[in-house]
């Protein structure tokens, strides 16, 4: 029987809300903070692109240097993601998130104050490094905050929509800020995003001391960082040179050797940077593959459709960005539908391949574009179809790739998702740029270099890129259907998903 003393001792606990319970009650506000953080990282891959011509004129740097403003961010971000995931597991996701946000904001302010090319490229490199710490922490926090299947579907639907639409939002915001304010505001706007997210993190996230204090796998860190750095550099270098350039070849050789050595180390070391058990689940592997393919196709579509809208249809930067709005709305719709209603019932196997087939159909549709095409007549419908397709890919892939991961592996699993998308984007941009340039050159062989022929050649290069992207998505659909398991998703055996208190 309960005594008076027992009641007196227990009374304070009944009136005190635990930190875990408070975090659970505020979980949707936490999602808002994480979405803002993720949006900042994703849109920075495209927001600066719109501003580059203006920044180049203001700071007086060459076309060759201009490419490095984009490449510096990609190199640091892609090369350091796995290390960033490991650090977030070690120091705690809340700490990693706040440090990443503060560092990203500081680098953005430094870049906005740039007086020359060196300052700007340094700022972009630092942005990428802090982004590599920030992005895995965001996804790991989302994974451990939303563990109820129904709520997880809604949360990952929102997150997937933000991640998928971030590039288009970057184009819109970049165009508006460059046109009506200054190119420097494409960097300064990050201070607003980071400020809101830091305030929200301090107020909402529970204290987090880290879940993995094993010794750092130094060989793994060095080999995978160098390998990813060389891989991203190789694809970036192709864009300005060729596949036969000696620096390109050396980069790919170094990448193959270092990444091969990395996986060898992971099988032998006691405390691996990337525990191979994280890759053992078929659904996780299929989802990571889907992110690779989606990154490849999305970056290609954004790039060449932007060229078509601006150079062929004569759209301004602002109008180009706004032209992508229908895609954002359609992506958001299917991201919610797939994650909330369809994924729990059917699993990722029918959804992700379906999305890839739909994306391929939209891209094949775009191959019909000519110099006489209009936005309403030739672009709008396939763009909406591609948006619907991406909602079926991104949201289920993010959700499935992190489902069933043990808490101490959440950071590295989250880093893998971001790495897949980043590498896919690097491959896609380099490959499609090369093929498009070759198509334009081949088209002009034997023809006079009139303005009309050059305009037709440009559109031919864009449709060639769309055609190749479509076939890549078709191949991805077949591979994903083979890799992914049938049936509703289940947590991996032996996983340690923490159950939130209700």
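Quick one: in region 181-192, which of the residues that are assigned to a helix (DSSP H, G or I) and in contact (Cβ under 8 Å) with a residue 60 or more places away in the chain is surrounded by the most Cβ atoms within 10 Å (Cβ to Cβ)? Please lay out each step first, then the result.
Initially, region 181-192 is screened for residues assigned to a helix (DSSP H, G or I), giving 185-192.
Subset that is in contact (Cβ under 8 Å) with a residue 60 or more places away in the chain: 185-191.
Values: 185: 18, 186: 30, 187: 28, 188: 17, 189: 21, 190: 25, 191: 16.
Ranking the candidates gives 186 first.
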Could you count how many residues in region 374-404 are touching a residue at least 60 places away in the same chain (Cβ under 8 Å) and surrounded by fewer than 18 Cβ atoms within 10 Å (Cβ to Cβ)? 2
Here is a check on your reading of the model: is residue 82 modelled with pLDDT of 85 or more and either outside any helix (DSSP H, G or I) or in contact with a helix residue (DSSP H, G or I) (Cβ under 7 Å, 6 or more places away or on another chain) (or both)? yes
All but one of (1) surrounded by fewer than 17 Cβ atoms within 10 Å (Cβ to Cβ); (2) modelled with pLDDT under 90; (3) assigned to a helix (DSSP H, G or I) hold for residue 271, so report the exception by its number. (3)
Show me the helices (runs of 4 or more DSSP H) entirely contained within region 1-64 in which 1 or more residues are modelled with pLDDT under 85 and within 23 Å of residue 118 (Cβ to Cβ). 47-59
Just checking, does region 434-451 include any residue being in contact (Cβ under 8 Å) with a residue 40 or more places away in the chain, within 25 Å of residue 327 (Cα to Cα) and assigned by TED's automatic domain parsing to the domain that holds residue 43? yes
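Taking residue 218, is it farther than 26 Å from residue 309 by Cβ and surrounded by 22 or more Cβ atoms within 10 Å (Cβ to Cβ)? Full working, then the answer.
On the way: farther than 26 Å from residue 309 by Cβ: yes; surrounded by 22 or more Cβ atoms within 10 Å (Cβ to Cβ): no.
Considered against the rule, which asks whether it is farther than 26 Å from residue 309 by Cβ and surrounded by 22 or more Cβ atoms within 10 Å (Cβ to Cβ), residue 218 comes out as no.
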Any chance residue 123 is assigned to a helix (DSSP H, G or I), in contact with a helix residue (DSSP H, G or I) (Cβ under 7 Å, 6 or more places away or on another chain) and surrounded by fewer than 23 Cβ atoms within 10 Å (Cβ to Cβ): no
Specify which of the listed residues (255, 317, 360, 323) is closer than 23 Å to residue 471 by Cα and either assigned by TED's automatic domain parsing to the domain that holds residue 419 or crowded, with 17+ Cβ neighbours inside 10 Å (or both). 360
Boolean, residue 184 is modelled with pLDDT under 85 and either over 24 Å from residue 58 (Cβ atoms) or in the same structural domain as residue 352 (by TED's automatic domain parsing) (or both): no
Kindly check whether there is at least one residue in region 210-231 that is in a helix (DSSP H, G or I), within 19 Å of residue 69 (Cβ to Cβ) and touching a residue at least 60 places away in the same chain (Cβ under 8 Å). yes
Residues that are exposed (fewer than 12 other Cβ atoms within 10 Å of the Cβ), modelled with pLDDT of 80 or more and over 30 Å from residue 285 (Cα atoms), drawn from region 448-502: 448, 449, 450, 451, 452
Candidates 156, 104, filtered to the one that is part of a helix (DSSP H, G or I), within 22 Å of residue 424 (Cα to Cα) and touching a residue at least 12 places away in the same chain (Cβ under 8 Å): 156
For region 90-114 the number of residues that are surrounded by fewer than 23 Cβ atoms within 10 Å (Cβ to Cβ) and either in contact with a helix residue (DSSP H, G or I) (Cβ under 7 Å, 6 or more places away or on another chain) or not assigned by TED's automatic domain parsing to the domain that holds residue 144 (or both) is 9
Scan (1) farther than 18 Å from residue 216 by Cα; (2) without any contact (Cβ under 8 Å) to a residue 60 or more places away in the chain; (3) assigned to a helix (DSSP H, G or I) for the single condition residue 262 breaks and write down its number. (1)
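The values are calculated or read from the model by the stated rules, or taken from the named source; none is laboratory data. Note that the coordinates shown come from a computational prediction; the quantities given were computed from them, not determined experimentally. FYI the Cβ positions are ideal-geometry reconstructions off the backbone, even for glycines, and counts take in every protein chain you see.
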